[in-house]
1. From the phi of every residue in region 35-45, what ³J(HN,Hα) in whole Hz does the Karplus formula 6.51 cos²θ - 1.76 cosθ + 1.60 yield, where θ is phi - 60° and glycine or proline is x?
2. Run through region 60-113 and list the chymotrypsin sites (Phe, Trp or Tyr not before Pro) located in a DSSP loop whose Cβ has at most 14 other Cβ atoms within 10 Å.
3. Between ALA87, ALA144, ALA134, which gets the highest mean-square fluctuation from a Gaussian network model of the chain, Cα cutoff 10 Å?
4. Can you work out the accessible area per residue across the chain, with the rest of the protein chains kept in place, probe 1.4 Å, in square angstrom?
5. Please check the chain for the longest run free of trypsin sites (Lys or Arg not before Pro) that are loop-located per DSSP (anything but H, G, I, E, B) and have at most 13 other Cβ atoms within 10 Å.
6. Alpha carbons only, please: Rg and Dmax for region 16-112, in angstrom.
7. Among DSSP bridges having both ends in the chain, what percentage is antiparallel? Round to the nearest 5.
8. What's the whole-number percent of alpha carbon pairs in region 95-150 lying beyond 16 angstrom?
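The values are calculated or read from the model by the stated rules, or taken from the named source; none is laboratory data. Quick caveat, the model's predicted, so the values are computed rather than measured. Here the Cβ positions follow ideal geometry from the backbone for every residue, glycine too, while neighbour counts run over all protein chains shown. Areas reflect the complete protein model, heavy atoms only, side chains present, ligands, DNA and RNA absent. Shrake-Rupley method; radii C 1.70, N 1.55, O 1.52, S 1.80 Å.
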Amino acid sequence: MVALLMISLSACSQREKTKESTQMKVLVAYFSASGVTEGVAKQLAEVTGGDLHKIQPEQPYTEADLDWRDKQSRSTLEMQDKNSRPAITNKLANMQDYDVVYVGFPIWWYTAPTIINTFIESYDFKGKTVIPFATSGGSDIKKACEDLKAAYPDVNWKEGKLLNRASKDDLKKWVETN
């Protein structure tokens, strides 16, 4: 009887260990200039049970900085310079703890803002799955995903998605397919 009890307890313990080892630790990191991407990121973190991390520029963007019609605005100049890497604050000390990283951003000039390059280059993504998501007033995410994959071929990228006006149900369905 004692032996049977010990075997049962051992089996339960092994199941718990297996369950824990298959739990993927998720991070939802995002850059949001106007708050739209931030809203999606917060919902995505809820749906995934992941941690939320805001990618913050060292120098916050002003409304004038974001004026895409002004050829001299900060965002326009950054996007024209492929080597632009806006400095970020609040860097993560525990990136190594995450298995899956969702990276969110608004689409700027049909691609990811250069601050996303700063974020990607600030960490080691070896062994992680990285999934981009974006919001946009009129562009899709295809070029942004192609650009990220080309710039960082060693990252394990999953297909990204444009998440304009996505409901929690939409997010759940998307997460289940990744």
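1. So the J values, rounded to whole Hz, are x, 5, 5, 4, x, 5, 4, 4, 5, 5, 4.
2. TRP68
3. Judging by the Gaussian network model, the answer is ALA87.
4. 59
5. The longest such stretch corresponds to 1-68.
6. When restricted to Cα atoms, region 16-112 yields Rg and Dmax of 16.2, 57 Å.
7. The antiparallel fraction comes to roughly 15 percent.
8. The proportion of pairs with Cα distances above 16 Å equals 41 percent.
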